[in-house]
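Presented below is the structure to which this report refers.
No lab work stands behind these numbers, since they all come straight from the coordinates. In this text the structure is predicted, and so the values were computed from the model without any measurement. In this analysis, Cβ positions are derived from the backbone assuming ideal geometry, glycine residues included, and neighbour counts consider all displayed protein chains.
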Amino acid sequence: MTSALEIANQALLSVGADAIDDFGDGSTEAKLMAARYEQVKADLLAMYPWNCATRREDLTEDSDTPISGYSHQFLVPDDMLRLLKVWTGDILPTRDMDGERPYSLEGNKLLIDAEAVSIVYIKKIPEDELSTHVQTALIARLAFEVSFGLNASTTSQGMFGQIYEAKLQEARTIDNMGKPPTVLGFNRLNRVRW
């Protein structure tokens, strides 16, 4: 089981800093990690549809109706970092005739003209549910985030930024290996090409 403290310590050790006993131990390292850890983790999870953090859920309709524009509103999960897809029955809504989205995400509510809604979303997950490649990218991002505060060197921060970019690309590549290939539908443009 991997913990937030273990991930933070791996990032600290990679920049040549001392490990911490906990996020509140008063050291410079602990203060930097305490200030950045949760936000960096949430940002990393939200930036890409990672397999380990992607979830599906049927939404519960809110008892209140929207003030205007839509006939229903649904409560989204509290742990949702990013909405990926919305389904109404068997239909994946795209845009209506005016080019408007047929739903609106406002705060913790999804407003829509449908009586039943399912979503695919990115969930804020605990560390032990992170895949190893996402953990590695998180460690690299944390190292980048705290490196200047520990070393006061823009050169070393730039180096850790490059390491993070490489680890992020590697993690995305590995994550994509677990997804089915995208199949292009045949339309007029595809037929002309083939």
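Here are some notes:
- Pairs of Lys in the chain closer than 22 Å at Cα, counting only those 8 or more apart or on different chains: 16
- Most fluctuating residue given options 116, 30, 11, as computed from a GNM of the chain linking Cα atoms under 10 Å: 116
- Cα gyration tensor category, rounded, prolate or oblate, for the range 110-163 with a/c compared to 1.5: prolate
- Placed amide H near residue 131: partners under 5 Å, 5+ positions off or other chain: 52
- Between residue 39 and residue 115, the FRET efficiency estimated from the beta carbon spacing at R0 = 45 angstrom works out to 0.75.
- Virtual spin-label span in nm between residue 108 and residue 56, 7 Å along Cα→Cβ: 2.5 nm
- Taking the chain as a Gaussian network of alpha-carbon nodes connected by springs under 10 Å, the highest mean-square fluctuation of the residues 43, 64, 175 belongs to 64.
- Spin-label model distance (nm) - residue 166 vs residue 128, 7 Å beyond Cα toward Cβ: 3.3 nm
- Top of 139, 20, 122 by mean-square fluctuation, Gaussian network on the chain, Cα under 10 Å: 20
- When Rg and the Kirkwood Rh are both derived from Cα coordinates, the Rg/Rh ratio for the chain amounts to 1.08.
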